[in-house]
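Below you'll find the structure, written out as C-alpha cells, and then a few comments.
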Amino acid sequence: MSTDSAPTGTQLRIVDDLAQIDAAAWNALLDAQAAPTPFMRHEYLQALQASGSATRATGWAPRLLTLWRDGRLAGGCALHVKSHSYGEYVFDWAWADAYQRHGLRYYPKLLCAVPFTPVPGSRLLAGSLADRRLLLQAMQQLCRSGSMSSAHLLFMDAADQQAAADEGWLLRQTVQFHWLNRQPQPYVDFGDFLAGLQREKRKKIQQERRRVAEAGVEFTVHAGASIDTGLWDFFHQCYTLTYAAHHSTPYLSRDFFARMQQQMSANWVMFVAWRGGRRIACSLLAVDAPRGHAYGRYWGCTEYLPCLHFEACYYQPLQWCIEQGYQRFEGGAQGEHKMARGLLPVRTHSAHWLSHPAFADAVARHLEHEGAGIDAYVDELRERNPFKLDAGS
C-alpha cells in the first residue's frame, strides 16, 4: 500500500502474522522510542496471537502495519481489526450504539493498542513525526479500503499524541493512578513511604496490613526464572477464578503465560500468599528493570480474606518496588480507591478517527464536553492528595 505523502524509497506493508517480522529489528525499533514497554515487544505481541488469545476468532484480527525505507524496517504499529470493544479500557460502546440506532455499522473498526493492556506507551513506532503521520494516514486508508467505521489509537505517548493532533484526529483523555518514587531522595523502605502519607491514610494501611498478617498470611516473592511451572499453574488458576467471580471469561490462555515463562521470564514478578502451608492467592507484576517501571497486571485467590487484595496488589508490590529502587508503579485501569494507597492521578491519552463526517462532528462535541469533565475531576482528585504537603512526593 502507499500514501500520497510517502517519500520516494518508502513502502508501507501489511503483515497478518508478526512472526514474519524479525524480532530483533522490531525490538530495536521499540527501544528507540520515547516510552517503550514490555507489552510492545515482539515476544509479547506474538504470544498473544500464537496462544489464541488475540486472534480473529476472539474478535482481534491482527494486522501489522510496517514502514520500510531502503529495505530496512523504519516504522510499525500493531493493529487489530475489531468486531467488538471488549478488552480495550477506553470505552466507545455509546458510539457503537449511536451508529446502530442510525442504521450504520460501527464494527469492524481498526484498533492500534496492546490487547487487554491499559498501559501507556509508544504505539506508533517510528523515528520521526513525519513517519508517525504516515502510519496514521495509512490507518485511515485501511479503514476506507476495508469498510471500517473508524480507527483508534489507545494509551499513546506524547510523540503519538502530537502526530495524531497534526493529522486532525480527535483526542481523548482518561485517568489512571500511578505511584512515583520520591525524588530526589527515593524512599528507604515501606515505612519511609508510609511516613509521607497523611495520618489517616497511614493508619488505614497499617491496619489493613496488620489484619492480613494476623490472619496468618505470609508472602513469598518470585522473580524471573524462579517462577516455575507450578507457580504459573497456580497463578492461572487464581486468574481464572477472578474472572469467574465476575461472571466473565479470561482473555488470556494458559498457553500465553507458558510463552511468557519461556520467552519473557525476566519481565515478571509474582507475589504468592500462603496460609497454613497452603497457597491461597497471588498477584502478577510486569517489570521493566532497566527503566525502573512496574505494572500491576493480574491477581486472584482461592479463598477470601479481608484486605488480602490490597496486600497482594498494592502493598507487596510497592514494598518490592521501593526495595528494588524502582521509579514507577502503574496500578492499571481506573480505581479511585488507589489514591488512599499512595497512587496519584495521571492522565492517559487516546486518539480517534471516524470516517462518517456527521458522527465525527458529534463525537468531537462529546469529547470536548467530556474533556472538561475530566479536567474538573483531576482537579478534585489533586485536592485530595494523600501525602503530607511537605512529603516531597
### Message
Is it the case, given these coordinates, that Glu311 is part of a helix (DSSP H, G or I), open to solvent by 50 Å² or more (accessible area, probe 1.4 Å) and closer than 26 Å to Arg182 by Cα?
### Response
no
### Task
Test Thr249 against the criterion of being part of a loop (DSSP other than H, G, I, E, B), within 28 Å of Thr55 (Cβ to Cβ) and not aliphatic (A, V, I, L, M), and give yes or no.
yes
### Options Gly168, Gly191; residue that is on the phi > 0 side of the Ramachandran plot, open to solvent by 20 Å² or more (accessible area, probe 1.4 Å) and of a type outside the set (Ser, Thr, Tyr)
Gly168
### Qualifying residue in the range 62-84 (condition: closer than 27 Å to Tyr251 by Cα, out of contact with any helix residue (DSSP H, G or I) (no Cβ under 8 Å at 6 or more places or on another chain) and open to solvent by less than 10 Å² (accessible area, probe 1.4 Å))
yes
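Does Gln185 satisfy the condition of being open to solvent by 30 Å² or more (accessible area, probe 1.4 Å), more than 20 Å from Lys338 (Cβ to Cβ) and assigned to a helix (DSSP H, G or I)? First the steps, then the outcome.
On the way: open to solvent by 30 Å² or more (accessible area, probe 1.4 Å): yes; more than 20 Å from Lys338 (Cβ to Cβ): yes; assigned to a helix (DSSP H, G or I): no.
Taking the combined requirement at face value, the residue does not satisfy it.
With Ala289, Ala213, Ala281 as the choices, which residue is closer than 29 Å to Gly191 by Cβ, touching a His at 6+ places or on another chain (Cβ under 9 Å) and either surrounded by fewer than 22 Cβ atoms within 10 Å (Cβ to Cβ) or modelled with pLDDT of 95 or more (or both)?
Values: Ala289 fails: touching a His at 6+ places or on another chain (Cβ under 9 Å); Ala213 fails: touching a His at 6+ places or on another chain (Cβ under 9 Å).
Exactly one residue qualifies, and that residue is Ala281.
Does Leu180 satisfy being touching a helix residue (DSSP H, G or I) at 6+ places or on another chain (Cβ under 9 Å), of a type outside the set (Phe, Trp, Tyr) and in contact (Cβ under 8 Å) with a residue 12 or more places away in the chain? Even if it seems obvious, please write down each step before you answer.
On the way: touching a helix residue (DSSP H, G or I) at 6+ places or on another chain (Cβ under 9 Å): no; of a type outside the set (Phe, Trp, Tyr): yes; in contact (Cβ under 8 Å) with a residue 12 or more places away in the chain: yes.
Criteria not met by Leu180.
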### Residue selected from the range 267-287 under the condition in contact (Cβ under 8 Å) with a residue 40 or more places away in the chain and outside any strand (DSSP E or B), by the criterion farthest from Val212 (Cα to Cα)
Asn267
## Note on the structure
If we keep only residues of the range 314-359 that are of a type in the set (Ser, Thr, Tyr) and in a helix (DSSP H, G or I), then the residue surrounded by the fewest Cβ atoms within 10 Å (Cβ to Cβ) is Tyr315
### Task
Name, by its number, the condition in (1) surrounded by fewer than 16 Cβ atoms within 10 Å (Cβ to Cβ); (2) in contact (Cβ under 8 Å) with a residue 24 or more places away in the chain that does not hold for Gly87.
(1)
### Task
Considering (1) of a type in the set (Phe, Trp, Tyr); (2) in contact with a strand residue (DSSP E or B) (Cβ under 7 Å, 6 or more places away or on another chain); (3) crowded, with 20+ Cβ neighbours inside 10 Å, say which one Tyr44 fails and leave the rest.
(2)
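Open to solvent by less than 30 Å² (accessible area, probe 1.4 Å), under 22 Å from Asn267 (Cα atoms) and not hydrophobic (A, V, I, L, M, F, W, C): does that describe Gln33?
Numbers: open to solvent by less than 30 Å² (accessible area, probe 1.4 Å): yes; under 22 Å from Asn267 (Cα atoms): yes; not hydrophobic (A, V, I, L, M, F, W, C): yes.
Considered against the rule, which asks whether it is open to solvent by less than 30 Å² (accessible area, probe 1.4 Å), under 22 Å from Asn267 (Cα atoms) and not hydrophobic (A, V, I, L, M, F, W, C), Gln33 comes out as yes.
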### Task
State all residues of the range 360-373 that are under 25 Å from the mean Cα position of the chain (by Cα) and either small (Gly, Ala, Ser) or open to solvent by less than 90 Å² (accessible area, probe 1.4 Å) (or both); if no residue qualifies, say none.
Val363, Ala364, His366, Leu367, Glu370, Gly371, Ala372, Gly373
### Residues satisfying the stated conditions in the range 99-149, i.e. more than 28 Å from Pro7 (Cα to Cα), open to solvent by 50 Å² or more (accessible area, probe 1.4 Å) and of a type in the set (Ser, Thr, Tyr)
Tyr107
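The values are calculated or read from the model by the stated rules, or taken from the named source; none is laboratory data. Remember, it's a predicted structure, so these values are computed and weren't measured experimentally. All Cβ positions, glycine included, derive from the backbone under ideal geometry; neighbour counts span all protein chains shown. In case anyone asks, the SASA skips ligands and DNA or RNA and just uses the protein heavy atoms, side chains included. Shrake-Rupley method; radii C 1.70, N 1.55, O 1.52, S 1.80 Å.
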